[in-house]
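Worksheet for the structure shown next.
The values are calculated or read from the model by the stated rules, or taken from the named source; none is laboratory data. Just so it is clear, the model here is predicted, and its values are computed rather than measured. Note that we place each Cβ from the backbone using ideal geometry, even for glycine, and neighbour counts take in every protein chain shown.
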Amino acid sequence: MKHKLDFGSKHILLIENNKMMRRLVREMLLGFGVKLPNLIETDNVTDALQHMYSKRFDLVITDFFLGQLDGGDFTRHIRSDDNCINRKIPILLITGSPNHEKVLKSLEAGVNEVLAKPIAPSALYFRIFAILSRKRPFVISHDYVGPSRSQKRLKSMNAMKKTATGSEIDLKWRKIEMSGIRYTQKQQKMQMTDPFLM
C-alpha cells in the first residue's frame, strides 16, 4: 500500500463524550493497527488534561463538544502552557456540526486538522496519515501557538473571515521577521505560513 503508517507504536488520546461515537472511532483505530495499551479514551476534559500532563502521546483526537470546554478551548489551553509535555502534539478535531465559526475557532486555537462527522474509516486514516507523516513546524508567537499553516489553509481561513488582503498578509510577514522568526521566500510561497494568525 502506497500510503501506509505504522500505527502499532502510536500512542493516541481519544476524547469523545458520545459513547457510541467513541466506540466507533476506537474500532477504526484498532483496525488501523493501534494497540489497546497505547489507546487512552476519556469522555471529559478533566481526565484528558490529566493525561496530557502525565503521559506523552503521538496524537489527540477530540470532539468539539466536550461539556464546559469545547475542543477549541481544550486545544488553546494545551498550546498556551509551556509546562505541558504534549504542547506540540498533533490534534485532530472531529465535529458533527462543522460550521465556519467552530472550524475557525479550532484552527486559531492550534488544531492541526478538522474532520466532519459522520466519519468514514478511509477519511480518518488518511487525515491521521497526513498529520503524522507530514509534520509542520510549530509556531509560537504572542497571539498564536500551533502548527504552521499552508497558504491554501490561510486562504481558506481568510475566506471565512473575509477580511485579509494581500497587503495585510505582507505586513504580517514583516511582523514575523521582526519577531525573530525567519522563513525563506520558498517557505512563504509553498509551505509553512501563518501570517494572518501571527
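Within the stretch 70-107, the set of residues being of a type in the set (V, I, T) and either surrounded by fewer than 19 Cβ atoms within 10 Å (Cβ to Cβ) or in contact with a strand residue (DSSP E or B) (Cβ under 7 Å, 6 or more places away or on another chain) (or both) comprises T75, I85, I89, I91, I94, T95, V103.
Criterion first (out of contact with any strand residue (DSSP E or B) (no Cβ under 6 Å at 6 or more places or on another chain) and of a type in the set (V, I, T)) does V45 satisfy it? Spelling it out, V45 is indeed out of contact with any strand residue (DSSP E or B) (no Cβ under 6 Å at 6 or more places or on another chain) and of a type in the set (V, I, T). Looking across the stretch 33-83, the residues that are closer than 18 Å to K105 by Cβ, assigned to a strand (DSSP E or B) and of a type in the set (D, E) come down to D63, D70. Looking for something in the same structural domain as S122 (by TED's automatic domain parsing), assigned to a loop (DSSP other than H, G, I, E, B) and at negative phi - is there at least one such residue anywhere in the stretch 19-32? No, the stretch 19-32 has no match at all. Of all residues in the stretch 1-48, those satisfying the criterion of being within 21 Å of F129 (Cβ to Cβ), of a type in the set (K, R) and surrounded by 17 or more Cβ atoms within 10 Å (Cβ to Cβ) are K10, R26. Under the condition of being under 18 Å from the mean Cα position of the chain (by Cα) and closer than 11 Å to N86 by Cα, the residues counted in the stretch 35-54 number 4.
Once the stretch 110-124 is narrowed to residues that are among the β-branched types (V, I, T) and without any contact (Cβ under 8 Å) to a residue 60 or more places away in the chain, the residue that is farthest from R26 (Cα to Cα) is V111.
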